[in-house]
1. Sequence-distant or interchain residues sharing an amide H contact under 5 Å with ARG274, placed H: which?
2. What's the percent breakdown of Cα-Cα distances in the range 272-378 across 10 Å bins, shortest bin first?
3. For LYS376 and ASP216, compute 0.36 nm times the residue count separating them, minus their Cα-Cα distance, and round to one decimal in nm.
4. Restricting to the chain, what percent of DSSP beta bridges are antiparallel, rounded to 5?
5. What trypsin sites (Lys or Arg not before Pro) in the range 126-227 are in a loop by DSSP, with at most 13 other Cβ atoms within 10 Å of the Cβ?
6. So what's the convex hull volume per residue for the Cα atoms of the range 88-165, in Å³?
7. Where the centre of each part is set by its Cα atoms, how far does the range 187-218 sit from the range 7-65, in angstrom?
8. How many nm is it between the label spots at GLU124 and LYS289, if each spot is 7 Å from the Cα in line with the beta carbon?
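Quick note: the coordinates plus some simple rules give every number you see, no bench work behind them. Not measured: the values here are computed from a predicted model. Cβ coordinates were reconstructed from backbone atoms using ideal geometry, including for glycine residues, and neighbour counts include every protein chain displayed.
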Amino acid sequence: MVGAGLSGAVIGRELADRGHEVTVVDSRAHTGGNCHTERDAETGVMVHVYGPHIFHTDDEEVWNYVNAYETFLPYKNRVKTTSNGQVYSLPVNLHTINQFFGKTMRPDEARAFIVEQQADTSIEDPQTFEEQALRFVGKDLYEAFFKGYTIKQWGCHPSELPASILKRLPVRFNYDDNYFFHKFQGMPENGYTAMIDRILDHPAITVKLGTSFASDMAREYDHVFYSGPLDGYFNYSIGRLGYRTLDFERFSYAGDYQGCAVMNYADEDVPYTRITEHKHFAPWESHDKSVCYREFSRFAEADDIPYYPIRQVREKALLGKYVELAEQTRGVTFVGRLGTYRYLDMDVTIREALDAARGFLACRADNRPVPAFFQKPL
């Protein structure tokens, strides 16, 4: 298993439970990948070192799986945003609409108001992020809550981004400010790293941290599951896939800095996209001091941690070439966010890892070749 994050840990444990000897290598000095959490020595706050991770899913098997290794306590993600000097609730909901327009509309009145006075109904088939937002919320809400934040997050104008990024109608006509719709939502009581360490705690699993993978290592094993960057496996031989990365400006505060876990900053002239206050991700704990991150988004350079695959026209063309190379490579299966160059939530990562392990076992049982991808990147 190349990578001691969710993909490597889950696949490794599934195979170890079925009699395989498993080695997990990771170039970092800790397990957990970007989900890594650790206690801050000064404040006692559980810090999401690579940015906040909030677990939410409708997949009951995945929910039961993570709870078998760690107690998940109730947590609802309630995001706020600062726009033009005022604080609003996200996603855009009835409270946001009434506050923004200075009204006291009921749901049916607000829906009619948006459709008749705000939404650009001349856009019948939105092709870009901007068109999608203008079609469903109108110019005022788009410019207040979506435009500036999106430019900072993606480094380009929303008219250059596909409509699919704005996946669903970005407005609610009720007072529900729960950011996610999923049935199961929570946070691990002792952090994600504690959960992943328990998944890896098996006599047939050997974990080697601070160990970079080299392709010639594959010869020592029957099969390799690779959760690193797909292009990195081939030494970027035909170019680098594009990613956005994040920079965090960490600071402490003697008290409660912002009163919520996530505060977005929608104005384009504010250089950071949001501030996260980590003690609020564990509301069952009490801390006098606080740890916060200012979050900045930019294009990932060669030595940066890749976060968000860009997947525009250029990247998809290059991805297709790497997929061809991967499918010609025997003895390696590419998994996870980096291995398949797709943005994946944690629950989907675990689901795909479970499916990959089961697929591998089925291939071995039937004496069939193990594919390079159980989930196609394109």
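1. TYR265, GLU295
2. Calculated over all Cα pairs of the range 272-378, the distribution is 12, 30, 28, 18, 11, 2 percent.
3. Details: separation 160, 0.36 × 160 = 57.60 nm, distance 2.48 nm.
Working it through step by step, the gained length comes to 55.1 nm.
4. 70 percent
5. LYS167, ARG168, LYS183
6. 88 Å³
7. 8 Å
8. So the label points at GLU124 and LYS289 sit 6.2 nm apart.
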